[in-house]
Amino acid sequence: MNQGRAATAYRPAPSAAIRSHCRSSISRAAYAANSSSRKLNQASFSASQAQRPRSKTCCPANGVAAADHSLTKPATSSTDSDRSVATRYSFSSNPSRLARAVTNALRSVTSKNAEIDIVVIAACGERAGEVVETLRDFPELIDPRTGRSLMERTIIICNTSAMPVAAREASVYTGATLAEYYRQMGLNVLLLADSTSRWAQAMREISGRLEEIPGEEAFPAYLESRIAAFYERAGALELPDGRFGSLTIGGTVSPAGGNFEEPVTQGTLKVVGAFLGLSRARSDARRYPSIDPLDSWSKYTGIIAPAKVVRMRRLLARGNEVRQMMTVVGEEGTSAEDFTVALKADFFDNCYLQQNAYDDVDGATTAERQQFVFDKVLEVVELDLELTDKNEVRKAIVRATDLFRNWNYAAGGSEEYDRWLGEIDRFIAAKGRE
């Protein structure tokens, strides 16, 4: 399918009939992959009817615009001309409890801030506790577009690990079919499949029972073609009446032990257009969202000029090399130039890549502000500090970091925003000197 416009720009809200149909699809057994998946345990069903005290996600995370490029924050508004073509992307992480919490947060924040009309979540082989958490959290998420519950335009297909493997395999295809149905109505749809690794494990078990010839790690020989066929259902199409509908698919891959060389991860990387690799080290360092910018990549052009993105990726790579060298030789054995590079890389990470999902301003920003902030950060990175003392360099970078962090929390157009911007301009003009 030819990729056209994707689900990264607002579309007119669905009509009352569409919203009613969406709600009825949720209220029915929409979270059943087939008739056998109606055996969802009583705890999960009761949780969906009980009080839901949680109103925020467990940690900050990026939104769907991050799939357009690993160095962009989630945008909350855009024009038709600014639409991206990112229609297939994948998350990958170590399936530990902390990693699962981060993945759930990414799913919640992505669904909330993505500029789409309908959200379809396929919980494939999830643990019952994670399904209950999803059912509790989503009705409490406030849709920034309508001010009402995000659940009104969300379909959740719940398939727990206790269900038959045939239901697990069917749940992913059920989600894709529902998403395509709404795309045919001229809507922009986001499908989040979590986890495609469990879907592949179900295929492996079914293949083994059918006594098919196994491939690598006992997965069926057709594993890669099945993964490709699933992600290739994403894309945009033009309807006969001239309207456009789009489907964006985001799949979560959970490789055992964080091994990115295993068949499911490799099969996914061959077909997706963007990859967001979650890092345990960044999570332990409390750098949220814990998406590793060096492991992540995108084939699509985002909102930042490619030349600028390449410049910052080189800075991050060089800064990482210097940090690893410093763990061996220390600061004393590092030149002032390399020390400055490492601090500037940390500055870019702290002030642009990291976000606070608990903050209304920093949690999701417009594309225009992202571009403006990136240019200001680039000015600081390319600034010749004309300082030789390492303590003075550290002091200047810390000062710049404080200015940008405070600026990130200021609402656009406010007096506080203008005040911090003025401080930043004076810092750049003075080349970091007091």
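The values are calculated or read from the model by the stated rules, or taken from the named source; none is laboratory data. Just so we're clear, the structure is a prediction, and the values are computed from it rather than from any experiment. Glycine also receives a Cβ, built like all others from the backbone with ideal geometry; neighbour counts cover every protein chain displayed. Just the protein is used for accessible areas: all its heavy atoms, side chains included, with ligands, DNA and RNA removed. Shrake-Rupley method; radii C 1.70, N 1.55, O 1.52, S 1.80 Å.
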Heavy-atom accessible area ranking, 1.4 Å probe, most first, across Asp362, Asp284: Asp284, Asp362
In Å², and per residue, what accessible area does region 312-394 have when probed at 1.4 Å with the other protein chains present? 47 Å²
Other-chain or far-sequence residues with amide H under 5 Å of Ser149's (modelled H): Asp143
Taking placed amide H atoms and a strict 5 Å upper bound, the residues 5 or more places from Gly215 or on another chain that come that close are Ala221
Dividing the Cα convex hull volume of region 108-185 by residue count, how many Å³ per residue is that? 78 Å³
Where the only charges are on Cβ atoms (+1 Lys, Arg; -1 Asp, Glu), what is the dipole of region 155-261 about its Cα centre, to the nearest 20 debye? 340 debye
Just how far, in whole angstrom, is region 336-407 from region 162-182 if you go by their alpha carbon centroids? 44 Å
Output wanted: per-residue J couplings in Hz (rounded whole) for region 227-242, from phi through Karplus 6.51 cos²θ - 1.76 cosθ + 1.60, θ = phi - 60°, x for Gly and Pro. 5, 5, 5, 5, 5, 6, 6, 6, x, 10, 9, 9, 7, x, 8, x
Rolling a 1.4 angstrom probe over the protein chains, ignoring ligands and nucleic acids, what is the accessible area of Glu205 in square angstrom, nearest 10? 80 Å²
Residue order for Ile303, Ile227 - accessible surface, 1.4 angstrom probe, largest first: Ile303, Ile227
Which order do you get for Trp297, Trp420 if you rank them by accessible area with a 1.4 Å probe, largest at the top? Trp297, Trp420
Just the accessible area per residue of region 173-261, please: how many Å² with a 1.4 Å probe? 42 Å²
Any idea what Rg and Dmax come out to for region 202-243 if you just take the C-alpha atoms, in Å? 16.3, 48
Suppose every Lys and Arg Cβ carries +1 and every Asp and Glu Cβ carries -1, with no other charges. What dipole size does region 97-235 come out with about its Cα centre, to the nearest 20 debye? 320 debye
Shape verdict for region 281-434, please, from the Cα gyration tensor: rounded (a/c under 1.5), prolate (a/b greater than b/c) or oblate. oblate
Share of carbon and sulfur in the accessible heavy-atom surface of region 193-284 [1.4 Å probe, %]: 51 percent
